[in-house]
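These notes concern the structure reproduced below.
Where a number appears in this text, it was derived from the coordinates with a stated rule and is not lab data. Note that the coordinates shown come from a computational prediction; the quantities given were computed from them, not determined experimentally. Glycine gets a Cβ as well: all are built from the backbone with ideal geometry, and neighbour counts include every protein chain shown.
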Amino acid sequence: MSKPVGPYTPVVRAGDFLFVSGQVGLVEVDTVDGPVVGSLAEGGVEAQAAQALSNLRTQLEANGATMDQVVKATVFLTDMGNFAAINEVYCAAFGDHRPARSCVAVAALPIGALFEVEAIAHVG
């Protein structure tokens, strides 16, 4: 797993809950020295959303949790015109599981991302 792009902890456990910091669509690249952060997934908001949700899954699994244990997700979009498109990607990532969710329009996201997701998982 790569380092975060800012001064924060990617996942914090508090009792029976995991709080996963915002994940954007960064692609991790394997190198001789280990994995490093590459660049944003190419292919627009859908590709970035799919990668960000995959990164969320990776963070959860590294901490003994699954997407089915997510109880709350918050999605951030730089363009609400992408709402329908990201809903399809989001539903594919979560399958039949539907955690509570908010979607917030923002002026900008770190490193020029178009999509970001954070989550709370119950692991008790």
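Worth pointing out:
- Percent of C-alpha pairs per 5 Å bin in region 11-122, short distances first: 2, 12, 23, 24, 19, 13, 5, 1, 0.
- Restricting attention to the chain, close to 80% of DSSP beta bridges with both partner residues there are antiparallel.
- Net length gained if the chain between PHE17 and VAL104 were fully extended (0.36 nm per residue, minus Cα distance): 29.1 nm
- Surrounding net charge for CYS103, when Lys and Arg each add one and Asp and Glu each subtract one, Cβ distance under 13 Å: -1
- Label-to-label distance, nm, for residues given as ASN63 and CYS91 (7 Å Cα→Cβ offset): 2.8 nm
- Cut-off 10 Å between beta-carbons: net charge of the residues surrounding GLN23, Lys and Arg +1, Asp and Glu -1: -1
- The Cα center of region 79-124 and the Cα center of region 7-21 differ in position by 18 Å.
- Each Lys and Arg Cβ is given +1 and each Asp and Glu Cβ -1; about its Cα centre, the chain then shows a dipole of about 360 debye.
- Percent of alpha-carbon pairs separated by more than 17 Å within region 55-107: 40 percent
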